[in-house]
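> My structure is below; once you've seen it, I'll send some questions.
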Amino acid sequence: MKTSRLFYTSMMLFWIGFLALLALVVTYAPQGGVELAGLTLFADTGLVGAAMAAMDAIGLSLTAQSVVFGLLGGFNVASAGLLLFAMMFCVFGEEREQREARPLAEGAATCSAAAAALLVAVSFAGGHAGALMVLQLIGFGGLLLTVLSLAQAMIVPDESRLGDISALDDVIADHAANHAAFSAQLASFSRREPIS
């Protein structure tokens, strides 16, 4: 594995984990946490407290608040999923798949931007900007940097594959030349007038 692929793997794995944890926070923290194997996870509402206070100040009902948190969680999960596929295409893919990694990373950044825009709008409208908004903006900034680094990455073609392609081109050219010479001989034989 090349060093650049190892770098992209570690960078994208970090942001995938960050976005997945952010999605879990906005899903379970407003409900008071979740019990898993005897552990109580995401029980503290400190990260989402400012967002809940902003939605209360706006006058959103509990159902509307659940919808907003659901949208935030969905955008973050979609962003993490798209980034996971971008990482697999970039690290394990061939040349064509590596080129398709950037649009997937752009889609992940778009989902993260939508979540950040929703949270910023709610926080500013309610007058409470908290830690959750900062974390969401950090996630969007990280994905934006990932997309920019993928855009600058040059795909280095494999030298052994280039040799195979040039050898195949030579075989095709020789076959075409032989076929053209045979066709020319047939044409010259067919144009000869019969000897009387």
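> Taking the residues in the range 71-92 that are modelled with pLDDT under 90 and within 8 Å of the chain's Cα centre (by Cα) as candidates, determine which candidate is surrounded by the most Cβ atoms within 10 Å (Cβ to Cβ).
Filtering first and then ranking leaves Ala86.
> Now for a different question. Looking at (1) touching a Gly at 6+ places or on another chain (Cβ under 6 Å); (2) assigned to a loop (DSSP other than H, G, I, E, B), which one does Leu47 not meet, given that it meets all the others?
(1)
> Out of Ala43, Ala51, report the one residue that is in contact (Cβ under 8 Å) with a residue 60 or more places away in the chain, farther than 15 Å from Ala108 by Cβ and of a type in the set (A, V, I, L, M).
Answer to the check: Ala51.
> Here's another thing I want to ask about it. Would it be correct to say that Ala64 is of a type outside the set (Ser, Thr, Tyr), under 12 Å from the mean Cα position of the chain (by Cα) and in a helix (DSSP H, G or I)?
no
> Oh, and also: Right, Val68: under 16 Å from Thr9 (Cβ atoms) and open to solvent by less than 30 Å² (accessible area, probe 1.4 Å) or not?
So Val68 fails the test.
A quick yes/no check of all residues on (1) assigned to a helix (DSSP H, G or I); (2) at pLDDT 75 or above:
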position: Val134; (1), (2): yes, yes
position: Leu137; (1), (2): yes, yes
position: Gly142; (1), (2): yes, yes
position: Thr146; (1), (2): yes, yes
position: Pro157; (1), (2): no, no
position: Ala167; (1), (2): yes, no
position: Ala176; (1), (2): yes, no
position: Gln185; (1), (2): yes, no
position: Ile195; (1), (2): no, no
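> Please go through the range 1-43 and give me each residue that is within 28 Å of Gln65 (Cα to Cα), of a type in the set (Val, Ile, Thr) and open to solvent by 60 Å² or more (accessible area, probe 1.4 Å), ordered by number.
Passing the criteria: only Thr40.
The values are calculated or read from the model by the stated rules, or taken from the named source; none is laboratory data. Computed from a prediction, not measured in an experiment: that's the story for all the values here. Note that we place each Cβ from the backbone using ideal geometry, even for glycine, and neighbour counts take in every protein chain shown. Note: accessible area is taken over every heavy atom of the protein model, side chains too, but ligands, DNA and RNA are not part of it. Shrake-Rupley method; radii C 1.70, N 1.55, O 1.52, S 1.80 Å.
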